[in-house]
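Presented below is the structure to which this report refers.
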């Protein structure tokens with residue numbers, strides 16, 4: 001029997017993802033986290049659960065409806081997973097609400113800022129709120145009755161609504177209506193001097209008599225639905241126009257079946273039943289056999305993702321201290337061409353500790369304006385609004401440079417944004433490609449072709465993060481600038497394969513998926529195994545966002561049995577079970593959760609003293625290795641290795657933000673020793689590579 005046939009050696013992917021969100025919730029409950037940042041973690045958890053139900057849980061429910069016999073790597077059926085998920089999420093949401101209502105909101109009130117209910121607003125403050133309702137809220141509201149002449153309205157995904165019970169005082173007949181809370185209205189309405197706010201649904205609830213004149217208002221309760229929202233072009237015949245196909249699929253996604261119903265805690269049971277009965281009418285055709293949506297009581301405040309705005313309040317003492325990223329020393333001379341700086345040697349950057357503006361955006365700006373630059377090629381997986389990089393690309397095209405951009409239309413939940421970027425870039429004369437309909441172009445790479453005295457020279461940036469200035473301030477990512485001829489040739493081949501037709505699998509220095517990447521990773525692991533079995537040191541450190549590929553996990557188990565010491569730093573999903581006697585005793589798994597989202601991927605192999613480091617976009621999951629275009633690059637300049645060694649030591653020495661995974665699948669946060677706590681992000685805020693702390 002192969003190791004992969006032993007289900008007990010694998011942790012469930014979906015439950016492991018919930019474990020990550022337990023760590024997110026812990027940051028919200030941890031009193032060491034600043035108050036407004038704790039509210040941000042509450043919001044992050046809420047947004048994460050939305051996506052989880054829209055995609056992963058919805059997919060499992062569809063497997064159940066189709067009676068698919070498939071089981072997960074750990075041996076569970078779709079039904080078993082859904083039942084466990086529902087129990088876990090119910091408990092998690094209960095603790096999330098308790099943290100918010102019993103700890104965070106009272107603590108916020110102690111600081112002079114309160115979230116009020118309608119009964120908490122003083123009479124003299126209602127006048128301004130009433131005026132705001134009359135002028136800015138009432139005109140955009142649409143009351144929708146439900147009766148034989150008014151069918152139950154369509155409820156859009158993730159929209160907040162009020163379920164209203166009414167009575168006709170003349171006829172004595174009961175009525176039901178729904179009022180949508182429009183996203184165009186701010187969720188939090190300032191009261192008095194603005195230090196207090198009231199949720200907009202409370203304001204609407206107070207004024208329901210204006211929406212239903214002549215009717216008796218018996219009560220109202222908030223509710224919210226989550227719909228299946230994944231896009232699967234595998235179900236679409238080979239599209240002639242991928243852009244049009246994506247636009248159609250994005251539109252169809254709005255009508256996905258309801259997978260979750262969130263309700264205000266005290267909603268009467270008969271109203272819950274009414275909502276479920278009406279929502280069940282969504283289940284037609286191929287979704288007719290789906291089970292009812294999961295019903296989650298969610299406190300008095302729904303849609304906690306809106307708490308993000310609290311974390312941006314101007315209350316410095318209640319937030320993380322401000323951080324100004326440094327300019328990488330190699331790029332410190334702003335009067336010098338960035339291309340000259342890269343020609344002096346490879347430049348390694350670590351965001352958000354190193355400035356994204358002074359490195360990545362400067363690289364694109366220079367490429368756009370330098371008269372010797374002939375061509376720019378790049379991938380765009382996610383990017384932020386009015387980004388400097390997009391402006392640089394359009395300027396370069398207007399200056400007559402050859403500009404080619406691979407826009408990934410299938411980047412989950414950024415599809416509409418990317419469709420807009422694609423059309424705008426095309427309007428400026430940029431050559432836009434969308435890659436393969438069945439693959440996501442996930443790699444983050446840019447190629448600049450420049451005419452120099454010695455001939456044509458290629459400059460490459462390859463990183464672990466998106467070309468997105470907003471996320472660059474929140475995510476940790478590593479990037480490399482190089483003009484190495486071999487890397488440049490690989491980058492040219494990679495972009496040609498993305499814009500043209502290519503069956504290329506092997507590259508000179510890059511490791512590329514789909515194709516050979518999985519086999520190459522396993523070969524690197526196996527090499528360490530052979531070295532260790534010969535009596536020499538075998539050592540692997542891999543930092544990824546997720547680890548779930550069974551073949552790679554099996555290779556790691558064999559390496560551990562062969563004597564290789566392995567440290568895995570996994571932010572989210574981890575299906576590998578460490579510390580199992582005779583199987584994975586030499587494998588340790590940790591996870592770092594804190595101020596920044598850990599997004600960087602870095603791999604280290606000791607290689608009998610000829611050490612190798614790799615960075616890239618790929619996580620160790622089947623989707624990354626089989627259904628995405630990924631690129632991983634070795635850091636060949638040995639002078640950069642000490643920084644990466646220091647960074648690895650910083651991650652492994654963390655005793656504030658780090659968690660350890662046990663063989664039974666439980667996670668335990670490390671406890672600081674007698675000295676000062678050593679949190680990764682605090683260390684790296686002082687020095688992007690952690691070298692000053694050693």
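The values are calculated or read from the model by the stated rules, or taken from the named source; none is laboratory data. Quantities reported herein were computed from a predicted structural model and do not represent experimental measurements. Quick reminder, even Gly has a Cβ in these numbers, built from the backbone with ideal geometry, and neighbours come from all protein chains shown.
A few points about this structure:
- Residue among 475, 459 that is over 22 Å from residue 339 (Cα atoms) and in contact (Cβ under 8 Å) with a residue 12 or more places away in the chain: 475
- Of the residues making up the range 409-448, those that are over 19 Å from residue 398 (Cβ atoms), assigned to a strand (DSSP E or B) and modelled with pLDDT under 90 number 3.
- Number of residues in the range 337-351 that are assigned to a loop (DSSP other than H, G, I, E, B) and either modelled with pLDDT under 95 or touching a strand residue (DSSP E or B) at 6+ places or on another chain (Cβ under 7 Å) (or both) equals 1.
- When the range 449-492 is filtered for residues that are assigned to a helix (DSSP H, G or I) and modelled with pLDDT under 95, the ones remaining, listed by number, are 469, 470, 471, 472.
- Yes/no for residue 649 being modelled with pLDDT of 95 or more and either closer than 26 Å to residue 577 by Cβ or assigned to a loop (DSSP other than H, G, I, E, B) (or both): yes
- Boolean, residue 41 is within 22 Å of residue 590 (Cα to Cα) and in the same structural domain as residue 295 (by TED's automatic domain parsing): yes
- Unique residue being within 27 Å of the chain's Cα centre (by Cα), more than 18 Å from residue 567 (Cα to Cα) and assigned to a loop (DSSP other than H, G, I, E, B) when the list is 503, 515: 515
- Residues that are over 36 Å from the mean Cα position of the chain (by Cα) and either closer than 15 Å to residue 206 by Cβ or not in a helix (DSSP H, G or I) (or both), drawn from the range 130-147: 130, 131, 134, 145, 146, 147
- Annotation: of all residues in the range 571-601 being outside any loop (DSSP other than H, G, I, E, B) and crowded, with 21+ Cβ neighbours inside 10 Å, the one that is nearest to the chain's Cα centre (by Cα) is 598.
- Close Cβ contacts (under 7 Å, 6 or more residues apart or on different chains) running from residues in the range 61-81 that are farther than 16 Å from residue 12 by Cα and in the same structural domain as residue 229 (by TED's automatic domain parsing) to residues that are buried (at least 16 other Cβ atoms within 10 Å of the Cβ) and modelled with pLDDT of 85 or more comprise 61/82; 61/259; 63/78; 64/78; 64/82; 68/78.
- Among the residues of the range 462-483, those identified as surrounded by fewer than 24 Cβ atoms within 10 Å (Cβ to Cβ) and out of contact with any helix residue (DSSP H, G or I) (no Cβ under 9 Å at 6 or more places or on another chain) are 470, 471, 473, 474, 475.
- Reported count of residues in the range 646-686, each being surrounded by 18 or more Cβ atoms within 10 Å (Cβ to Cβ) and more than 25 Å from the chain's Cα centre (by Cα), is 2.
- Residue 563 being in a loop (DSSP other than H, G, I, E, B), crowded, with 17+ Cβ neighbours inside 10 Å and out of contact with any strand residue (DSSP E or B) (no Cβ under 7 Å at 6 or more places or on another chain): yes
- Residues of the range 119-170 that turn out to be in contact with a helix residue (DSSP H, G or I) (Cβ under 6 Å, 6 or more places away or on another chain) and modelled with pLDDT under 85, as a count: 1
- Residue within the range 340-359 that is surrounded by fewer than 20 Cβ atoms within 10 Å (Cβ to Cβ), in the same structural domain as residue 177 (by TED's automatic domain parsing) and more than 26 Å from the chain's Cα centre (by Cα) present: no
Results for (1) out of contact with any strand residue (DSSP E or B) (no Cβ under 8 Å at 6 or more places or on another chain); (2) at pLDDT 95 or above; (3) more than 23 Å from residue 121 (Cα to Cα); (4) assigned by TED's automatic domain parsing to the domain that holds residue 55, shown as yes or no for each residue.
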{"site": "172", "(1), (2), (3), (4)": "yes, no, yes, yes"}
{"site": "184", "(1), (2), (3), (4)": "yes, no, yes, yes"}
{"site": "187", "(1), (2), (3), (4)": "no, no, no, yes"}
{"site": "196", "(1), (2), (3), (4)": "no, no, no, yes"}
{"site": "210", "(1), (2), (3), (4)": "yes, no, no, yes"}
{"site": "234", "(1), (2), (3), (4)": "yes, no, yes, yes"}
